[in-house]
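S.K.: Please read through the structure below; I'll follow up with questions.
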Amino acid sequence: MKLTKLSTLVLGCIFIANSSQAMDLTVVSWGGAYSKSQINAYHDPYMELNPDITIIHDESSAEAVAKLRAMREAGNLTWDLVDAVPADAIRLCDEGLAMEVDVDEILEPAPDGTPASEDFGASLVSECFIPQIVYSTTFGFRTDVESWNGNEPDDVCDVFDLEAFPGKRSLEKRPINNMEWALLCDGVAKEDIYDVLETEEGQNRALAKLDTIKDDIIWWSAGADTPQWLADGEVVFGSTYNGRFFALIEEEEQPVKILWDAQVFEYDGWIIPTGLPEDRLAVVMDLVRFATDTQRLADQAKYISYGPARASSNALVGQHATLGIDMAPHMPGHPDNAYNVFYFNYDWWADYRDDLDAKFQAWLAN
Amino acid sequence: MVNVDSLVGRNSLHRKVQRSLRIQKLRALGLIAPLFIFILISFVIPIGDMLFRSIENQLVSEVLPRTTEYLKSEQINEGWEPPDELFWHLYIDLAIATEVKLHTRVGSRLNYEKTGISSLFRKTGRSIKKFGADDYSKALSEQMPELASIDYWELLSQGTSEKYGYTRDTYNTWKKNLIANDHWSEKTKPSDFLFVVLANDIKSQEIDSSLDASREEKLLPVISELPEIGFKERFLDTDEDWAEPDVWDTIQLYSPSFTNGYYLNSVDFKKGSDGPKIRPENERLYVLIFSRTLFMSVTITLVCLLLGYPVAYFLANLPLKYANLFLILVLLPFWTSLLVRTSAWKVLLQNEGVINDILVATGLISNLERLELINNQTGTIIAMSHILLPFMILPLFSVMKTIHPSYVRAAKSLGATPWTAFRRVYFPQSIPGIGAGSILVFILSIGYYITPELVGGTTGTFISNRIAYHISSSLNWGLGAALGSILLAVVLALYWVYDRMVGIDNVKLG
């Protein structure tokens, strides 16, 4: 009797699994608050609309490039959609690991009919990249440093000014952004920076500028380091992503302010891995179409202070879901914040990353 | 008679013994088989694969076969100018590669050696379709509609006429690449560039076979009207870097299927056409990091030995019930997550951390001269010594347990001072434990990754951190593999030295 019940149950399960169109999608992202904002803004609503689809969250975006390449070599693709920064998207595209897409074809136009390619504008940095958000890497500083005599930094070059603003600074342990800021503060015009950085003298010049504060730098490699160090008083000045500062200031209520000067605009978005079977690809395309429409991208800003990559979403940005504060003034692209923006040159870094990283690491180690 | 009988008896006995021995051997083999297979699959094969990757370089010659073949006989120097013919071969190679997206892979492979090649290939891949081949395909298929069908090209590729050798060869490579990359289907159309190749073959020589004559009669007038494509100009228009001898030099250097380039890079050399050259001082990195890795591993081993030896001695001489209690204290941190322990060290060691706060509060140092205990070598050595200490204490403890106290007592009763008794009697007997503990700690620490990454700052990182960077971030797996192989070779060499000096038989875990 028992046995029959059990076997009926097992058979039933197999039957259910086979009969419906149920599908598990593995979506890879960064984890933490960022993943939560994606889940709230579009994964959960999508699953509600499509009950037979289950989205499984994987938090491996940091190793996405290496893992996708290993999957290709093993001939076993287990991911369906991957969140990646443009630099990784370009690499994946070059390696043939990410699919080239036509955004006008696969994405929704703006509500007023503007085609997606126009709505996304400059954020379309690679043929394989489907943008979601604009974030910025910028500086934050403690507001209670005694030796600053009540002064507050208002210029990115104050990072290099040890006399007026003494104390430890935290910078990311890689050349990207740091080299640009160094040249900017060494008197190079914003539009000439990459031309200068292409030359041996320019690179040495940037490193020489960084040399002036090298002894006072603590190098970070995880986005959570700078907020932690600022809260501990380990550093007085530090760079990280603006969303981290928002959490530190608004949620943790630490005495920290953001310095928006020369913030570096960067994007984050989806790539679709190559080699998906047709039925899965169709579902993935449908999910991407849903997740990147104007309303969904605006919804995401309720949970994190990263701006929507679509121009048409900006008007719809409302209040934070739990804190109840207006999110617009906390977006990197808000006019009050975006008075001096630095645009990151992805193509340039795709070429120079390996070379400059070797030089930068050699400089660090010596 | 008796003799023969006993002989037979002995023989059958001999056989029986042998058979049972064989069964025993097989049984033993069967018992170790799972472990053997496991080691083979999880250890020998991956390491072999890694060693192979550090010299493997087939991509360049596979994707650019014609270009690399042509470059073989070229002498590239400062004043060298790439000849027109080279661009013709490059055009065909790249036209095929772009269709299956292999050109960017070669680009990023070569970009590790010369900055800028990545975007050069990406850019060229984008514009190569606009080199004018579409005019050829349009005009030719208008004149001869069957050319638009893949079947005609299949027939052509089965021909034997010498004149169309290049077209055949190109078509076959193109088809092979499409099939290998799942781009081939029933509906595949012949690509535009194939028409240029065909036109080139038709023009090149006299009509040499009656079979091809009708085709040529039809096509020649059309072809002669079409504008000649200047490939060199087209490439240079796309990017003037194509005129740089350096670019071609790099392609030539990395044409062979196997390269020592990765190994040269990992010891701060650069492969060049006139032999390897040492890199300029501001680009040298790996030798420094290798020596740092060795230095820190040796220091950590010594610190562990200095701290662990007294502890193990103390434990070994305690009554058993207390010894077990203290042993748990040694093991307790061992059971805590590595990340938690490392993060705890961050809290303790940082500038505003517990240790510095205590030192300032007790007035030992002033607030302005807080000690730099983390994000440098000191931090790595402290945190790793703590993490690896149990690996030193446990073998020492189990060896010391076996040293009978009566030896030391005997030495003392024969007139030795406690120090002499320790030095001449106890210490020599504990050496196998020192050997085992040191080897364990040293080998574990030389490949450590996570702790130096978190507390090492800039001067306290290991070579494994660079290997991880190349595997997961820069995707330069060849260089990562070369660095890993060198690390493996260093460990094996040190093991050999140890064996010669101390003797590996002299190592005991208990």
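S.K.: Put +1 on the Cβ of every Lys and Arg and -1 on every Asp and Glu Cβ in the stretch B:286-506; which of B:Ser485, B:Gly308, B:Ser291 then has its Cα farthest towards the positive end of the dipole?
M.R.: The listed residue farthest towards the positive side: B:Gly308.
S.K.: Using a Förster distance of 51 Å, how high is the FRET efficiency between A:Cys157 and B:Val340, based on the Cβ-Cβ distance and rounded to 0.05?
M.R.: FRET efficiency, A:Cys157 to B:Val340: 0.80.
S.K.: Taking the Cβ-Cβ separation of B:Ala148 and B:Asp84 as r and a Förster radius of 22 Å, what is the calculated FRET efficiency to the nearest 0.05?
M.R.: Result of the calculation: an efficiency of 0.15.
S.K.: When the expected Rg is taken as 2.2 N^0.38 Å, what fraction or multiple of it is the alpha-carbon Rg of the stretch B:65-253?
M.R.: 1.07
S.K.: Springs between alpha-carbon pairs under 10 angstrom, Gaussian network model over chain A: which of A:Arg296, A:Arg174, A:Arg280 fluctuates most?
M.R.: A:Arg280
S.K.: What value, in deg cm²/dmol to 500, does the helix sum -39500 (n - 2.57) over DSSP H runs of n ≥ 4 give at 222 nm once divided by the residues of chain B?
M.R.: -21500 deg cm²/dmol
S.K.: Over chain A, how many percent of alpha carbon pairs lie in each 10 Å bin up to the one with the longest distance?
M.R.: 5, 22, 30, 24, 12, 5, 2, 1, 0
S.K.: Okay, moving on. Name the lysines eligible as straight-distance cross-link partners of A:Lys36: C-alpha to C-alpha under 20 Å, and not fewer than 8 places from it in the same chain.
M.R.: Within reach: A:Lys302.
S.K.: Here's a follow-up. Any lysines with Cα under 25 Å of the B:Lys129 Cα? List them, leaving off those in the same chain fewer than 8 positions away.
M.R.: Once the sequence-local lysines are set aside, what remains near B:Lys129 is B:Lys101, B:Lys138, B:Lys175, B:Lys176, B:Lys187, B:Lys189, B:Lys203, B:Lys232.
S.K.: Taking amide H positions as placed in the peptide plane 1.01 Å from N, state which residues far from A:Ala262 in sequence (5 or more) or on other chains have amide H under 5 Å from it.
M.R.: Residues meeting the criterion, in which the H sits 1.01 Å from N, are A:Asn340.
S.K.: Right, next: Sort A:Val82, B:Val330, B:Val287 so the one with the fewest other Cβ atoms within 10 Å of its own Cβ comes first.
M.R.: Fewest-to-most Cβ neighbours within 10 Å comes out as B:Val287, B:Val330, A:Val82.
S.K.: Can you check what the Kirkwood hydrodynamic radius comes to for the stretch B:330-370, Cα pairs only, in Å to one decimal?
M.R.: When all Cα pairs of the stretch B:330-370 are included, the Kirkwood radius is 11.4 Å.
S.K.: How far apart, in nm, are the 7 Å Cα→Cβ label points at A:Thr54 and B:Ser127?
M.R.: Placing both labels 7 Å beyond Cα along the Cβ direction yields 5.2 nm.
S.K.: Which whole-Hz couplings ³J(HN,Hα) result when phi for each residue of the stretch B:231-244 is put into the Karplus expression 6.51 cos²θ - 1.76 cosθ + 1.60, θ = phi - 60°, listed in order with x for Gly and Pro?
M.R.: 3J(HN,Hα) across the stretch B:231-244, in whole Hz: 5, 4, 4, 4, 5, 5, 5, 5, 7, 6, 4, 5, 8, 6.
S.K.: Place a label point 7 angstrom from the Cα of B:Leu332 along the Cα-to-Cβ direction, then list the residues of the stretch B:372-387 whose backbone nitrogen is under 16 Å away.
M.R.: Only B:387 pass the distance filter.
S.K.: Using just the helices of chain A, give the 222 nm mean residue ellipticity in deg cm²/dmol: DSSP H runs with n ≥ 4 each add -39,500 (n - 2.57), and the total is spread over all residues, rounded to 500.
M.R.: -11000 deg cm²/dmol
S.K.: Could you compute the FRET efficiency for B:Gln75 and A:Met23, with r as their C-beta to C-beta distance and R0 at 41 Å, rounded to 0.05?
M.R.: Details: r = 59 Å, r/R0 = 1.44.
Approximately 0.10, to the nearest 0.05.
S.K.: At what distance in nm do the modelled label points of B:Val44 and A:Ala222 sit from each other, each positioned 7 Å from its Cα along Cα→Cβ?
M.R.: Modelled inter-label distance: 3.9 nm.
S.K.: While we're here: Run the dipole for chain A about the Cα centre, Lys and Arg Cβ at +1, Asp and Glu Cβ at -1, nothing else charged, and hand back the magnitude in debye, nearest 20.
M.R.: Charge dipole, chain A, about its Cα centre: 1380 debye, nearest 20.
S.K.: In the stretch B:387-510, with Lys and Arg counted as +1 and Asp and Glu as -1 at Cβ, which of these residues, B:Ser474, B:Leu454, B:Ser406, has the Cα nearest the positive end of the dipole, that is, farthest along it?
M.R.: Checking the options against the dipole of the stretch B:387-510, the answer is B:Ser406.
S.K.: Could I ask something else about it? Taking the Cβ of each residue in A:Thr199, B:Thr188 as the centre, tally the other Cβ atoms inside 10 Å and list the residues starting with the fewest. Walk me through the numbers before you get to the answer.
M.R.: Values: A:Thr199 10, B:Thr188 14.
Lowest count first: A:Thr199, B:Thr188.
S.K.: Here is a follow-up. In the stretch A:66-215, what is the count of Lys pairs whose alpha carbons are under 19 Å apart, counting only pairs at least 8 residues apart or on separate chains? Don't jump to the answer; show the numbers that get you there.
M.R.: Working: A:Lys168/A:Lys209; A:Lys168/A:Lys214; A:Lys173/A:Lys209; A:Lys173/A:Lys214; A:Lys190/A:Lys209.
Total qualifying Lys-Lys pairs in the stretch A:66-215 comes to 5.
S.K.: Another question about this same structure. Starting from the amide H of A:Ile133, placed 1.01 Å from N in the peptide plane, find each other amide H under 5 Å away whose residue is 5 or more places distant or on another chain.
M.R.: Correct list: A:Asp268, A:Ala309.
S.K.: Please report the equivalent ellipsoid semi-axes of the stretch B:227-338, computed as sqrt(5 x eigenvalue) of the Cα gyration tensor, largest first, in whole Å.
M.R.: Calculated on Cα positions only, the semi-axes equal 61, 17, 11 Å.
S.K.: Once Rh for the protein assembly as shown is found with the Kirkwood sum over Cα pairs, what is the Stokes-Einstein diffusion coefficient at 37 °C and 0.692 mPa s, in µm²/s?
M.R.: Diffusion coefficient, whole number: 101 µm²/s.
S.K.: Okay, next question. Dipole size in debye (nearest 20) for the protein assembly as shown around its Cα centre, Lys and Arg Cβ +1, Asp and Glu Cβ -1?
M.R.: Value, rounded to 20: 7400 debye.
Since every read-out is calculated from the coordinates, none of them should be taken as a lab result. Quantities reported herein were computed from a predicted structural model and do not represent experimental measurements. In this analysis, Cβ positions are derived from the backbone assuming ideal geometry, glycine residues included, and neighbour counts consider all displayed protein chains.
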